[in-house]
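The values are calculated or read from the model by the stated rules, or taken from the named source; none is laboratory data. Computed from a prediction, not measured in an experiment: that's the story for all the values here. We place every Cβ from the backbone using ideal geometry, glycine too, and count neighbours over all the protein chains shown. Ligands, DNA and RNA are excluded from the accessible area calculation, which covers all protein heavy atoms including side chains. Shrake-Rupley method; radii C 1.70, N 1.55, O 1.52, S 1.80 Å.
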Amino acid sequence: MTESSSAAADSAAGSLPANRGRWSSRFAFILAATGSAVGLGNIWKFPYVTGENGGGAFVLVYLMCIAAVGLPIMMAEVMIGRRGGRSPVNSMRLITERDRLNPAWRLIGVMGVLTAFIILSFYSVIGGWAISYVGVTASGGLAGQSSEGIGEIFSGLLADPGTLMLWHTVFMAMVVLVVARGVRAGLERAVKILMPALFVLLVMVVGYAMTTGHFSEGVAFLFEPNFANLSTSGVLVALGHAFFTLSLGMAIMMAYGSYLPKNVSIAKTAISVSVMDTVVALLAGLAIFPIVFANGLEPGAGPGLIFQTLPLAFGQMPMGSFFGALFFILLVFAAWTSGISLLEPLVEWLEEQKGMNRTISSVVAGVACWALGIASVLSLNLWSDFAPLGSFAMFEGKTIFDLLDFLTANILLPLGGLLVAIFVGWFLSRQALENELSMSARGFALWHNVLRYFTPVAVAVVFIYNLT
Ligand code: TRP
């Protein structure tokens with residue numbers, strides 16, 4: 001979010017260590033990291049992947065992935081950033097030089113830039129759906145609609161490449177604008193209000209969901225594990241989503257960590273961010289599934305799930321057009337703050353490596369990402385039957401949009417996280433880690449062992465199962 005991207009802007013401009021330490025407090029860092037973490041992943045993606053993967057058992061595995069894989073890796077990323085004190089690629093360079101390690105570890109940074117670029121290309125398309133729903137809700141178009149009517153509004157949007165392109169373009173332009181200018185105090189202050197506001201509105205929708213008479217069914221769907229409903233590919237999706245939702249695996253948390261004051265506890269901070277992110281996702285699930293069951297909708301409806309359920313709730317609530325529009329505005333903001341953190345690495349790289357100035361590199365990166373996004377737009381309509389790698393069983397029926405999502409969330413992010421875990425767990429000296437983390441001996445031992453043994457093995461096993 002704001003502070004984070006201005007911080008990232010500074011690092012991109014190559015500011016000296018003396019100018020660093022920008023987070024005024026632990027709270028500022030938490031806010032920035034949460035702004036990156038809480039986004040479409042929590043409100044759009046979590047409910048739909050949960051629905052597609054059968055509910056409770058998936059949620060349980062997802063929570064385990066957050067705690068046993070995501071949290072230790074977040075701590076490792078923040079730690080590298082704070083120790084290196086520079087942009088991710090340079091922090092990695094500094095640490096590898098200082099400790100005489102193989103410079104190839106820097107590839108973690110390069111992979112991160114590529115991954116972020118691909119994610120943003122389709123993220124922006126979904127951000128565009130959210131923008132378009134601000135208008136749909138505000139105009140009162142949802143009032144009293146049946147679930148069929150609401151389904152038609154959504155499929156109408158997907159079938160219309162022109163409208164999708166328009167809002168995709170608007171979303172990307174919003175992201176480019178903020179990244180290019182650095183961040184202004186106004187937006188920064190706004191975000192401090194908007195994130196809590198999103199939380200309050202989400203709680204309101206959960207309140208509405210309680211009145212549908214199907215709340216307990218929703219709760220059971222989310223929290224009663226039935227492992228018969230979970231496939232091995234579901235485990236991969238849970239793992240991948242844990243990385244996606246915490247913004248891990250592509251050095252974002254390294255960039256943020258480089259601004260964290262030395263006396264702040266990395267463990268406590270990472271726990272706060274992970275808990276807040278998880279709470280938002282679970283609230284979104286509690287808001288959505290009761291509405292799904294009350295209206296006889298399909299939990300496995302896929303990426304359109306929230307756009308077919310929440311509008312129903314807003315269509316029936318008193319002042320629903322107002323609250324609905326407000327909700328989608330806040331969703332756009334949540335997506336915006338995440339989108340900024342996704343464009344930043346490429347912009348930083350273009351500045352460092354290609355010597356472009358900040359405005360030009362932002363525009364170049366944004367336009368390139370926008371262009372790739374066109375493929376996602378078209379795969380929702382004109383190319384919806386085009387499955388480029390469909391002859392592989394693993395990719396059967398996957399459109400370009402599905403493939404980009406799969407490749408990034410389920411392969412590149414876990415791979416990036418795996419490399420971070422191995423690097424920090426096995427190549428950095430224990431002494432250095434202890435100094436940087438300054439935790440209790442038991443806490444440190446727990447973290448270090450999980451990162452060395454459990455995390456890499458878990459990620460590797462899930463990978464291998466899915467490739468064979
Ligand atoms: N975490 C964000 C979300 O849940 C998306 C995101 C932002 C992200 N930055 C990231 C995902 C970096 C992976 C890596 O919407």
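A simple packing score, the average count of other Cβ atoms within 10 Å per residue, orders the peptides 329-342, 424-437 as 329-342, 424-437, with the highest score first. Counting only alpha carbon atoms, the long axis of helix 305-316 and the longest principal axis of the chain meet at about 50°.
For segment 163-295, what does the relative contact order come out to in percent, with C-alpha contacts under 8 Å and a separation of six or more?
Numbers: 53 pairs, mean separation 69.8, N = 133.
Contact order relative to length: 53 percent.
Judged by the mean number of other Cβ atoms found within 10 Å, the most tightly packed of the peptides 356-368, 400-412 leads the ranking 400-412, 356-368. Taking the average, over residues, of other Cβ atoms within 10 Å as the packing measure, peptides 246-252, 88-94, 120-126 rank 246-252, 120-126, 88-94 from highest down. Dividing the mean sequence gap of close Cα pairs (under 8 Å, 6+ apart) by how many residues the chain holds gives a relative contact order of 34 percent.
Measure out, as a whole number of angstrom, how far apart the alpha-carbon centroids of segment 120-158 and segment 365-406 sit. Between the Cα centre of segment 120-158 and that of segment 365-406, the gap is 21 Å.
Tell me the carbon and sulfur percent of the accessible area for segment 21-466, rounded to whole percent, probe radius 1.4 Å. Kindly include the intermediate steps, with their values, before the conclusion.
Values: 10880 of 16470 Å².
The C+S portion of the solvent-accessible surface of segment 21-466 is 66 percent.
Measuring r between the beta carbons of R430 and S25 and using R0 = 30 Å, the FRET efficiency lands at 0.55. Between N102 and M64, the contour length at 0.36 nm per residue exceeds the Cα-Cα span by 10.5 nm. Of the residues R452, R26, R82, R98, ranked by 1.4 Å probe accessible area with the largest first, the sequence reads R98, R26, R452, R82. Inter-label distance, N226 to I271: 3.5 nm, where each label sits 7 Å from its Cα along the C-beta direction.
Our coupling estimate for segment 436-448, obtained by passing each phi through the Karplus curve with A = 6.51, B = -1.76, C = 1.60 and θ = phi - 60°, is 5, 8, 5, 10, 5, 4, 5, x, 4, 4, 4, 4, 5 Hz, Gly and Pro reported as x. In order along segment 135-145, the phi-based Karplus estimate (6.51 cos²θ - 1.76 cosθ + 1.60, θ = phi - 60°) of 3J(HN,Hα) comes to x, 4, 6, 4, 6, x, x, 9, 3, x, 5 Hz; Gly and Pro are listed as x. From the Cα gyration tensor of segment 341-468, with a ≥ b ≥ c the square roots of its eigenvalues, which class applies: rounded if a/c is under 1.5, or else prolate if a/b is larger than b/c, or else oblate? Taking the square roots of the gyration eigenvalues as a ≥ b ≥ c, segment 341-468 is oblate. Along the Cα-to-Cβ line of F395, 7 Å from the Cα, sits a label point; which residues in segment 436-468 have backbone N less than 15 Å from it? Residues 467 qualify, since their backbone N sits under 15 Å from the label point. Distance from the C-alpha centroid of segment 245-280 to that of segment 53-102: 9 Å, rounded to the whole angstrom.
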